[in-house]
1. Being free of Cβ contacts under 8 Å to residues at least 24 places away in the same chain, part of a helix (DSSP H, G or I) and more than 13 Å from chain A (Cβ to nearest Cβ) is the filter here; which residues of the stretch B:271-304 pass it?
2. Give the residue that is nearest to A:L44 (Cα to Cα), with candidates limited to residues of the stretch A:102-128 that are crowded, with 18+ Cβ neighbours inside 10 Å and facing chain B (nearest Cβ under 9 Å).
3. If a residue must be touching a residue at least 40 places away in the same chain (Cβ under 8 Å), touching a Phe, Trp or Tyr at 6+ places or on another chain (Cβ under 7 Å) and facing chain A (nearest Cβ under 8 Å), how many such residues does the stretch B:140-169 contain?
4. Please find, within the stretch B:305-320, the residue that is nearest to the chain's Cα centre (by Cα) out of those that are farther than 17 Å from B:A406 by Cα and in a helix (DSSP H, G or I).
5. Identify the single condition in (1) farther than 17 Å from B:W142 by Cβ; (2) surrounded by 22 or more Cβ atoms within 10 Å (Cβ to Cβ) that B:D268 does not satisfy, given that it satisfies every other one.
6. Let me confirm something: among A:L35, A:L44, which residue is surrounded by fewer than 12 Cβ atoms within 10 Å (Cβ to Cβ) and of a type outside the set (S, T, N, Q)?
7. Restricting attention to the stretch B:1-38, which residues are within 11 Å of another protein chain (Cβ to nearest Cβ), touching a residue at least 60 places away in the same chain (Cβ under 8 Å) and in contact with a His (Cβ under 7 Å, 6 or more places away or on another chain)?
8. Residues that are acidic (D, E) and within 24 Å of B:A56 (Cβ to Cβ): list the helices (runs of 4 or more DSSP H) wholly contained in the stretch B:106-225 that include at least 1 such residues.
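Laboratory data are not the source of any read-out in this text; all were calculated from the coordinates shown. In this text the structure is predicted, and so the values were computed from the model without any measurement. Here the Cβ positions follow ideal geometry from the backbone for every residue, glycine too, while neighbour counts run over all protein chains shown.
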Amino acid sequence: MSLFICTMADTQKGIILTTLVTAFSIYSAHLYTSLPVKSYPVNLDAGNGKQVWQRYNCTACHQVYGLGGYLGPDLTNVYSFRGPDYIKMLMKSGTDIMPNLHLSDEEINNLLAYLKNIDASGSSDARTFKLKKDGTIEQ
Amino acid sequence: MLAGLMILSAGLLFGLTGALQYIVPGFLKQFLSFEKIRPLHVSAILFWIITGSSGAVFSYLQQSTGKKIYSVLLARIQFYIFSVSIVLIVISYCAGIFGGREYWEFPPVLGLPIAIAWLLFLYNYLRSVPGFKNQPVYVWMWLTGIVFFLFTFLESYLWIFPYFRNNIVNDMTIQWKSYGSMVGSWNMLIYGSSIFLMEKIRGTPSYSRTRLAFLMYFLGLFNLMFNWGHHIYTLPTHSYIKHVSYIVSMTELLIFGKIIYQWKSSLDIAKKYGHYAAYSLLLAADAWVFLTLALSILLSVPAINVYTHGTHFTVAHAMGATIGINSLLLLAFASDILIQAPQQPATANKKFKISLWTVNIALFVFWISLIAAGIQKAQWQMSTEKIPFSVMMLEQRPFFIIFFIAGLVLTIGLLLIIYPLIKNWFITDQKTNIQALL
């Protein structure tokens, strides 16, 4: 009952808030300084491909690791699943739904390098995850 | 608030056009293809939330302190910066110029004026609050929301540094850290305002200074800070992020329990104050908090999330939160702020009640159709048969048709609530209106 009537002292509020903000700051700083993937080959084409991906707003329709739009398929592992030729052909022609963006050959090659890079980072195939009894998953 | 209502109206029409593109492939493909219409819809709704909530905070802060805000001029500058930025963003989308990051899909340079406007908001707020000693919980919530929105908005631009963007897993980890917490930050602004409004209608400031109110606020803040990992359970990132998020998300069960515990008293109060338009909207939002929270807790269990991730389940959750909770609460603030007390009974008429019921029934059908589409896609994701994506999408067509029809009815219902609010503003003396707001 006291929960609904009693007030909380300002010092108590200050202590809880300071604790939470400190914990959050440490958590964020730790994450920034120890990102999940530490060493990876820097690929200039893939970097340019990421820029092309963003410039044409591909994320509006496509997902990577299940995040993004829902109109088109998830492209995390499309590189190994479909292969570069198939992807290239789709990029050049468009589909009933996907507009032909009139990408240049360089843009297409950069996008392919970017998709290859994403593919190498892991799998988004939910069937490959191991579900554990405590509700967690293992990749 | 008024600007927010206009942005919401535009956002609803963009959303409807996007939904139509699901059932009529290639609709408007040459002029407003989906990669343009989706950001137009999403950004409009986000700007409705942030302009609406900042308008509510300014209005209620004045009512709470009994004084004018520190600087009306700064508030106006903030408003003009937002307005110009929004116009430039719409132009950039229509011209196909993108920054290409989910949710903030405009060129990154346009993020700068938004951050500056928000800094002005923070400064104005801090100078307007006489101090934080013995303040009600909503004063704390507003400050938390303003500070964390600024922090997470800036954090969402860390990708401009190669250190953060060069690897997809690193990039997405930080991106969703910021997005996950950002949602919590505007919820602080909106929920804080709803506590204020609730007490204003009841006429007794009984809840906002209690221990329970502050414990709930700290629980919300704890979730804002640490539960964002549920967005990236399937990303091969640090496993501790996922474990922390899983455990923290489960503390939302306490909020869930509180809603159930207070259900009866909420109903009793509803009978007493249900004639107020604003109060009816607050109550409708309460029901959506219950449904959305239930779905949210389910999606926070990694073993369930694996099935639902990347499906329309997530969209159902987002729509329940942005329409059912955020928009209904913001409309409650709008009807309280834009229609002054003596005119209040005018909105509590039959027309308003029909509109509100229409919105809620249509939203429920809309929500269910998304969940059904989500279940079907989850089955497809887990199936060992390699059914092409296009075939699966064709099978989902009936759900998308229901989704579109429900979306159309929902839009009409919301516009029927919005229109009298805007109309009332224009027919009432402008000077009185501005004085009432600032």
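1. Going through the stretch B:271-304, the residues free of Cβ contacts under 8 Å to residues at least 24 places away in the same chain turn out to be B:271-272, B:274, B:283, B:298, B:303-304.
Remaining after also requiring part of a helix (DSSP H, G or I): B:271-272, B:283, B:298, B:303-304.
Within the stretch B:271-304, B:K271, B:K272, B:L283 meet the criteria.
2. This residue is A:Y114.
3. 1
4. Looking at the filtered set, the residue picked out is B:T314.
5. (2)
6. So the residue among A:L35, A:L44 that is surrounded by fewer than 12 Cβ atoms within 10 Å (Cβ to Cβ) and of a type outside the set (S, T, N, Q) is A:L44.
7. none
8. Numbers: elements: B:111-128, B:137-155, B:162-165, B:168-202.
Because the criterion is at least 1 residues that are acidic (D, E) and within 24 Å of B:A56 (Cβ to Cβ), the helices (runs of 4 or more DSSP H) in the stretch B:106-225 that meet it are B:168-202.
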